[in-house]
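Colleague: Once you've had a glance at the structure underneath, I'll fire off some questions.
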Amino acid sequence: MLENNAALDSGEIRSIVTQYQHKPGALLPILHAIQDKLGYIPPDSLPLIAEALHLSRAEVHGVVSFYHYFRSAPAGNHVVQICRAESCQAMGSRALESYAKASLKIDYHQTTADGEITLEPVYCLGNCACSPSVRVGQDVIGNMDNKKFEQLLSELTTQKVAVQ
Ligand code: FES
């Protein structure tokens, strides 16, 4: 469950930093724990993390920005991931991602203006036999095409049953 109360977030972040800061290689576990708890890494938390780990803010920012997995802002209500790995590319995922970006009017790592959909790339969902594949939350959907993608978006934004 994500929580958006700034004061609560700050307390949670301090608790996570305290829990990990004395362990070797603490930065990545701290960042993962914060994102798992809050859904993103609040930019305001970087100075606290840097100070606790005796790093510069730039060093912490560099790691957060290097790994696309880490978000600097909350995700939309639904995170839609399009597979860009080999099998899915061979079966048309590049065209699908172009369609998705145009349809949603966003690029990867962005969220639609209404806060509904965040679009992300992913690299193999273990569903290569049904390429191209897309994941929404825990659900992997294969044989995706533009028409099914539109249906998926419609169902997500109206909270209907997922596309099979
Ligand atoms: S390459 Fe896309 S699911 Fe494996």
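The values are calculated or read from the model by the stated rules, or taken from the named source; none is laboratory data. It should be emphasised that the depicted structure is a prediction, and the values quoted were computed from it without experimental measurement. So basically every Cβ, Gly included, is an ideal-geometry build from the backbone, and we count neighbours across all protein chains shown. Accessible surface areas use protein heavy atoms only, side chains included; no ligands, DNA or RNA. Shrake-Rupley method; radii C 1.70, N 1.55, O 1.52, S 1.80 Å.
Colleague: Please go through segment 132-141 and give me each residue that is within 8 Å of the ligand (Cβ to nearest atom) and either in contact (Cβ under 8 Å) with a residue 60 or more places away in the chain or under 23 Å from ALA75 (Cα atoms) (or both), ordered by number.
Modeller: First, the residues of segment 132-141 that are within 8 Å of the ligand (Cβ to nearest atom): 132-133, 140.
SER133, VAL140 - these are the residues of segment 132-141 that are within 8 Å of the ligand (Cβ to nearest atom) and either in contact (Cβ under 8 Å) with a residue 60 or more places away in the chain or under 23 Å from ALA75 (Cα atoms) (or both).
Colleague: Let me ask something else about it. Kindly list, by first and then second residue, each pair from a residue in segment 110-124 that is under 15 Å from PHE70 (Cβ atoms) and in contact (Cβ under 8 Å) with a residue 40 or more places away in the chain to a residue that is among the charged types (D, E, K, R) and within 14 Å of the ligand (Cβ to nearest atom), limited to pairs with Cβ atoms under 6 Å and residues at least 6 apart or on different chains.
Modeller: Partner pairs satisfying both residue conditions: PRO121/ARG84.
Colleague: Just to check your reading of the model, which residue among ALA129, ALA102, ALA113 is under 23 Å from ALA73 (Cβ atoms), assigned to a helix (DSSP H, G or I) and open to solvent by 50 Å² or more (accessible area, probe 1.4 Å)? Full working, then the answer.
Modeller: Working: ALA129 fails: under 23 Å from ALA73 (Cβ atoms); ALA113 fails: assigned to a helix (DSSP H, G or I).
The conditions single out ALA102.
Colleague: Take PRO24 and tell me if it is open to solvent by less than 70 Å² (accessible area, probe 1.4 Å) and outside the structural domain of LYS148 (by the TED database). If you could, list the steps in order and put the result at the bottom.
Modeller: On the way: open to solvent by less than 70 Å² (accessible area, probe 1.4 Å): no; outside the structural domain of LYS148 (by the TED database): yes.
It is false that PRO24 is open to solvent by less than 70 Å² (accessible area, probe 1.4 Å) and outside the structural domain of LYS148 (by the TED database).
Colleague: Starting from residues that are assigned to a loop (DSSP other than H, G, I, E, B) and polar (S, T, N, Q), keep the ones in segment 57-99 and report whichever is least open to solvent (accessible area, probe 1.4 Å). Working first, answer last.
Modeller: From segment 57-99, those assigned to a loop (DSSP other than H, G, I, E, B) are 67-77, 84-85, 91-92; that's our starting set.
Of the ones still in play, those that are also polar (S, T, N, Q) are 72, 77.
Details: SER72: 68, ASN77: 106 Å².
Here the answer is SER72.
Colleague: Also, quick follow-up: Please work out if VAL17 is open to solvent by less than 20 Å² (accessible area, probe 1.4 Å) and touching a helix residue (DSSP H, G or I) at 6+ places or on another chain (Cβ under 9 Å).
Modeller: Working: open to solvent by less than 20 Å² (accessible area, probe 1.4 Å): yes; touching a helix residue (DSSP H, G or I) at 6+ places or on another chain (Cβ under 9 Å): yes.
In short, yes.
Colleague: Quick one: TYR67 ticks every box in (1) among the aromatic types (Phe, Trp, Tyr); (2) closer than 30 Å to GLN151 by Cβ; (3) within 19 Å of the chain's Cα centre (by Cα) except a single one, so which number is it?
Modeller: (2)
Colleague: Can I ask one more? Only one of these is over 17 Å from GLY39 (Cβ atoms) and within 16 Å of the ligand (Cβ to nearest atom): SER103, SER93. Name it.
Modeller: Numbers: SER103 fails: within 16 Å of the ligand (Cβ to nearest atom).
Being over 17 Å from GLY39 (Cβ atoms) and within 16 Å of the ligand (Cβ to nearest atom) holds for just one of SER103, SER93, which is SER93.
Colleague: Further, regarding this structure: Would you call GLY25 in a loop (DSSP other than H, G, I, E, B) and touching a residue at least 12 places away in the same chain (Cβ under 8 Å)?
Modeller: Numbers: in a loop (DSSP other than H, G, I, E, B): yes; touching a residue at least 12 places away in the same chain (Cβ under 8 Å): no.
Criteria not met by GLY25.
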